[in-house]
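Before any comments, here is the structure.
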Amino acid sequence: QVQLVESGGGLVQSGGSLRLSCAASGFTFSSYIMYWFRQAPGKERELVAYITPARNTYVVDSVRGRFTISRDNTKNTVYLQMNSLKPEDTAVYYCKAVPYSTVYWGQGTQVTVSS
């Protein structure tokens, strides 16, 4: 079955860095777009970035220049490198995939940025 498992979250001071990982299994990872979303308390889940099988990437304006998405198809893992973190980046971060026309989410990893 499809599984997505995020890791790498934690507590960091403003200006710090974290690298999130999402390990995927149960589908042909290299063939699918992989997404990172986040959900802050009291807010809707929002797209952060995505990467295509050809490694084309998109990041939203609010994190452009600070966050980088990448993938390692040999490890079936997608990464989100987050630099220059701000308190407003505090959220639960989720990875998402849509193999077989079905949406799958990971369990999420908490990122807290203190000021």
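The values are calculated or read from the model by the stated rules, or taken from the named source; none is laboratory data. Computed from a predicted structure; not experimentally measured. In this analysis, Cβ positions are derived from the backbone assuming ideal geometry, glycine residues included, and neighbour counts consider all displayed protein chains. Accessible surface areas use protein heavy atoms only, side chains included; no ligands, DNA or RNA. Shrake-Rupley method; radii C 1.70, N 1.55, O 1.52, S 1.80 Å.
Tabulated results
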| quantity | calculated |
| --- | --- |
| Tally of residues being in a loop (DSSP other than H, G, I, E, B) and either among the hydrophobic types (A, V, I, L, M, F, W, C) or open to solvent by less than 20 Å² (accessible area, probe 1.4 Å) (or both) across the range 57-109 | 7 |
| Failed item in (1) part of a loop (DSSP other than H, G, I, E, B); (2) at pLDDT 95 or above, with Pro41 passing the rest | (2) |
| Residue list for the range 51-90, filter: β-branched (Val, Ile, Thr) and either at positive phi or without any contact (Cβ under 8 Å) to a residue 40 or more places away in the chain (or both) | Ile51, Thr52, Thr57, Val59, Val60, Val63, Thr68, Ile69, Thr74 |
